[in-house]
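The values are calculated or read from the model by the stated rules, or taken from the named source; none is laboratory data. Worth saying up front: this structure is predicted, and the values here are computed from it rather than measured. FYI the Cβ positions are ideal-geometry reconstructions off the backbone, even for glycines, and counts take in every protein chain you see. Protein only, heavy atoms only, side chains kept; ligands, DNA and RNA dropped before computing areas. Shrake-Rupley method; radii C 1.70, N 1.55, O 1.52, S 1.80 Å.
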Amino acid sequence: MKIHQSTQSTVRNEDQAANTNVRRLSGLIWTCSILLVLVATTAAYFVWMMTQNDNPANRALRILDRSEWMGEPPSAFRLLPIPVQNVIIHHTATEGCDTEEVCIYRMRMIQSFHMDSLNYTDIAYHFLIGGDGQVYVGRGWHGQGQHLKGYGAVSLGIAFIGTFVNVAPPPLQVRAFKLLMDEGVRLHKLHADYHIYAHRQLRTTESPGQKLFEMMKHWPRWSADVTSLRSLNKEPLRFVPRSSWLAQPPQYNMPDLELPVKSVRFESTSSEPCSTQASCVLRVRSLQTEHIENLNRQDINYNFVVGGDGNVYVGRGWDYSCETPPTDERQFNGLIVGFVGLSKHTSSQMNVSQQLLAQGIKLGKLVPDYQLIDKSK
């Protein structure tokens with residue numbers, strides 16, 4: 001009897017052990033399954049992340065320091081007061097680049113040209129934007145630039161690598177520039193209320209290229225009025241002499257003005273507006289041709305012409321009289337100031353004209369209590 005009970009007990013123990021082993025095996029299989037799922041999910045996530053990082057459109061701002069593009073050290077350094085409020089956009093007028101390797105090559109060539117051929121102390125710009133969607137450090141946030149004479153202490157010079165006369169910069173390049181501006185504001189290197197200008201608004205140049213300039217006009221920070229920037233450079237009023245806009249000589253000796261002048265007349269040129277010196281030069285030359293060849297005037301029939309670029313183009317100047325239009329009932333003996341455009345002068349043009357007339361008073365060419373006749377449309 002005892003032997004039978006012992007046998008039954010042994011069988012039960014063996015069954016329990018077997019069940020326990022089955023449960024352990026099931027648990028192990030379940031645990032392994034969960035681990036496999038986690039491993040597969042993690043691997044898939046990292047693969048996805050690598051794919052995203054390989055796509056430049058999904059990358060955040062990437063700034064390559066001077067050491068990364070193997071830049072030469074500057075020969076001199078002057079501190080730039082920050083935060084900066086003005087940003088001037090250029091193009092490098094070179095071939096573009098769409099890979100880091102090519103952009104680094106462009107950077108080294110540009111720096112070599114600036115330092116060895118132009119005798120600059122370093123690459124001229126603060127930052128350069130590559131077609132690969134990356135930013136390359138030039139003089140950085142703290143060094144004064146040599147991107148535009150006279151404006152190194154009051155502006156950042158940003159250059160888009162490439163030539164954008166006939167082609168626009170790719171979206172990656174524009175995106176990198178905007179991210180850099182956001183970063184500058186975040187770091188308090190760039191004033192929160194900064195303004196963007198094109199190189200061509202301040203000098204006779206194609207830079208930053210027509211296609212990029214057209215794009216810039218739609219940026220919220222772009223400013224068409226360069227008066228305030230010029231005042232920082234102690235250049236509030238910039239005259240473009242006749243020789244610079246390639247004026248024809250007058251047909252005859254022009255009559256002198258009776259100085260000091262007592263009257264000033266504003267007129268619209270009724271021509272297409274202009275926003276760069278290059279385009280304004282073309283407008284003023286066309287006006288002179290029209291006045292001489294079609295209207296039988298002795299010369300361009302303005303003493304001065306104010307362009308949309310903020311420049312004053314010298315016509316007959318302070319000393320010579322203009323011819324009275326046939327529609328006027330009596331002779332006008334005063335200054336005639338033309339505003340390039342189809343309609344009434346802009347606020348920027350008005351600011352420039354007020355500075356012009358203030359200078360006329362200082363020079364003794366214009367009486368302080370002059371009469372203003374505004375004939376602009």
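Have a look at Ala168, Ala124, Ala153, Ala93 and point out the one that is open to solvent by less than 10 Å² (accessible area, probe 1.4 Å), in contact (Cβ under 8 Å) with a residue 24 or more places away in the chain and not aromatic (Phe, Trp, Tyr).
So the residue among Ala168, Ala124, Ala153, Ala93 that is open to solvent by less than 10 Å² (accessible area, probe 1.4 Å), in contact (Cβ under 8 Å) with a residue 24 or more places away in the chain and not aromatic (Phe, Trp, Tyr) is Ala124.
Limited to the range 282-314, what total is found for residues that are out of contact with any Pro (no Cβ under 9 Å at 6 or more places or on another chain), part of a helix (DSSP H, G or I) and closer than 22 Å to Arg238 by Cβ?
So the count comes out to 6.
Restricting the search to the range 247-286, which residues are modelled with pLDDT under 90, among the polar types (S, T, N, Q) and open to solvent by less than 60 Å² (accessible area, probe 1.4 Å)?
Ser275, Thr276, Gln277, Ser279
Looking at Gly130, Gly162, Gly143, Gly138, which is the one that is within 19 Å of Leu190 (Cβ to Cβ), touching an Asp or Glu at 6+ places or on another chain (Cβ under 9 Å) and buried (at least 24 other Cβ atoms within 10 Å of the Cβ)?
One residue alone meets the criteria, Gly138.
Conditions first: (1) modelled with pLDDT of 95 or more; (2) open to solvent by 40 Å² or more (accessible area, probe 1.4 Å). Val305 passes all but one, so which condition is the exception?
With respect to (1) modelled with pLDDT of 95 or more; (2) open to solvent by 40 Å² or more (accessible area, probe 1.4 Å), Val305 is out only on (2).
Can you pull out the residues in the range 167-215 that are among the β-branched types (Val, Ile, Thr) and more than 21 Å from Leu80 (Cβ to Cβ)?
Val167, Val174, Thr204, Thr205
How about the range 220-246: which of its residues are in contact (Cβ under 8 Å) with a residue 40 or more places away in the chain, open to solvent by less than 40 Å² (accessible area, probe 1.4 Å) and in a loop (DSSP other than H, G, I, E, B)?
Val226, Asn233, Glu235, Leu237, Trp245
May I ask you to verify whether Cys103 is open to solvent by less than 20 Å² (accessible area, probe 1.4 Å) and not in a loop (DSSP other than H, G, I, E, B)?
So Cys103 passes the test.
Being part of a helix (DSSP H, G or I), closer than 18 Å to Val337 by Cβ, of a type in the set (Val, Ile, Thr) and touching a strand residue (DSSP E or B) at 6+ places or on another chain (Cβ under 8 Å): is that true of Val264 here?
In short, no.
Could you count how many residues in the range 184-209 are surrounded by fewer than 17 Cβ atoms within 10 Å (Cβ to Cβ) and assigned to a helix (DSSP H, G or I)?
Number of matching residues: 2.
Just the residues that are in contact with a helix residue (DSSP H, G or I) (Cβ under 7 Å, 6 or more places away or on another chain) and either assigned to a helix (DSSP H, G or I) or not β-branched (Val, Ile, Thr) (or both), please, taken from the range 142-173.
Answer for the range 142-173, where residues must be in contact with a helix residue (DSSP H, G or I) (Cβ under 7 Å, 6 or more places away or on another chain) and either assigned to a helix (DSSP H, G or I) or not β-branched (Val, Ile, Thr) (or both): Leu148, Phe160, Phe164, Asn166, Ala168, Pro169, Leu172.
Could you tell me which residue of the range 315-369 is farthest from Pro241 (Cα to Cα), considering only residues that are touching a strand residue (DSSP E or B) at 6+ places or on another chain (Cβ under 7 Å) and part of a helix (DSSP H, G or I)?
By that ranking, first place goes to Ile361.
Just for the range 343-365: of the residues that are over 30 Å from Ser223 (Cα atoms) and touching a Phe, Trp or Tyr at 6+ places or on another chain (Cβ under 8 Å), which one is most open to solvent (accessible area, probe 1.4 Å)?
Top of the filtered list is Leu363.
State whether the residues of the range 166-173 include one that is under 27 Å from Asp225 (Cβ atoms) and in contact with a strand residue (DSSP E or B) (Cβ under 6 Å, 6 or more places away or on another chain).
yes
Those residues that are under 14 Å from the mean Cα position of the chain (by Cα), of a type outside the set (A, V, I, L, M) and within 17 Å of Asn86 (Cβ to Cβ), I need them from the range 218-242; list them, please.
Trp219, Pro220, Arg221, Trp222, Ser223, Asp225
Specify which of the listed residues (Val314, Val340) is modelled with pLDDT of 95 or more and open to solvent by less than 10 Å² (accessible area, probe 1.4 Å).
Val340
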